[in-house]
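Q: The structure's right below; bear with me while I get my questions together.
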Amino acid sequence: MSMRKRHALAGISLVLLAMALPGCGRQPLPSISKISPSSGKAGKEVIISGSNLGAIQSTSSVQFGSATAIVISWSDSEIEVEVPEEAHAGENEVTVTTAGGTSATARFEVEKEKDKSEGGDEEAKNAPEEAIVEFLKKQGEDPEGSTFAEYKVSKEDPNWMIYSEASHPGPPADLPMFLLHKVNGEWIVLSWGTDIFPQEYGGPSDLSL
């Protein structure tokens, strides 16, 4: 066999060997080490830190579940993205996909938007005391001279609270209570009496007496 043929065969053998070796000639698999912050609402900008992310984005992408994030900047160790509007509320699995493959998942908590129909944090159109007085008048009661005080506010949802009749002369066990809920920015009374059960009206669990 001639020297030229031997060199040609040797070259072919090296190519075949390179093709047979796992991962040889391929971009390494991307890896996510941290997402900062680890939670936020849709539209929030977050930083994904890791390795083997690729020097440029090219055709690479970032997924929050099935939703594709908008990329702001990209480097081999850090990607800045905007949490996609399509990402569902709650825990999302975040992955980075490059020419080297798809990374293992990292977790990101998408915070739920407040229901604006319930008034959110906006200032109420009326005071709880005003809602109670109006409610008692509709019940045929005379609230003249009565005073009312905040008894308990839900930490889970501040749109729910319980008021008591502070001027009631009876023992504490007979103290009238009022269950209030803010709807469309206005406080309304849902129930009143010595025993009220917020959960019957869809109220939060931490408001139980």
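Q: Of a type in the set (Lys, Arg), loosely packed, with under 15 Cβ neighbours inside 10 Å, modelled with pLDDT of 95 or more and under 22 Å from the mean Cα position of the chain (by Cα), is that true of Lys44?
A: Answer is no for this residue.
Q: What is the number of the single condition among (1) assigned by TED's automatic domain parsing to the domain that holds Glu82; (2) at pLDDT below 95 that Ala18 does not meet?
A: (1)
Residues checked against (1) under 30 Å from Gly203 (Cα atoms); (2) touching a Cys at 6+ places or on another chain (Cβ under 7 Å); (3) part of a loop (DSSP other than H, G, I, E, B); (4) outside the structural domain of His181 (by TED's automatic domain parsing):
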{"site": "Ser73", "(1), (2), (3), (4)": "no, no, no, yes"}
{"site": "Val81", "(1), (2), (3), (4)": "no, no, no, yes"}
{"site": "Glu91", "(1), (2), (3), (4)": "yes, no, no, yes"}
{"site": "Lys125", "(1), (2), (3), (4)": "yes, no, yes, no"}
{"site": "Ala131", "(1), (2), (3), (4)": "yes, no, no, no"}
{"site": "Glu134", "(1), (2), (3), (4)": "yes, no, no, no"}
{"site": "Asp142", "(1), (2), (3), (4)": "yes, no, yes, no"}
{"site": "Gly145", "(1), (2), (3), (4)": "yes, no, yes, no"}
{"site": "Asp157", "(1), (2), (3), (4)": "yes, no, yes, no"}
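Q: Among the residues of segment 24-32, is there at least one that is modelled with pLDDT of 95 or more, assigned by TED's automatic domain parsing to the domain that holds Ala87 and polar (S, T, N, Q)?
A: Yes, there is a match, as at least one residue in segment 24-32 is modelled with pLDDT of 95 or more, assigned by TED's automatic domain parsing to the domain that holds Ala87 and polar (S, T, N, Q).
Q: Restrict the check to segment 63-83 and report whether at least one residue is surrounded by 16 or more Cβ atoms within 10 Å (Cβ to Cβ) and at positive phi.
A: Looking for residues that are surrounded by 16 or more Cβ atoms within 10 Å (Cβ to Cβ) and at positive phi, one finds at least one in segment 63-83, hence yes.
Q: Hey, among Glu86, Glu113, which residue is out of contact with any strand residue (DSSP E or B) (no Cβ under 8 Å at 6 or more places or on another chain), closer than 30 Å to Gly185 by Cβ and surrounded by fewer than 15 Cβ atoms within 10 Å (Cβ to Cβ)?
A: Glu113
The values are calculated or read from the model by the stated rules, or taken from the named source; none is laboratory data. Nothing here was measured: the structure is a model prediction, and the numbers come from that model. FYI the Cβ positions are ideal-geometry reconstructions off the backbone, even for glycines, and counts take in every protein chain you see.
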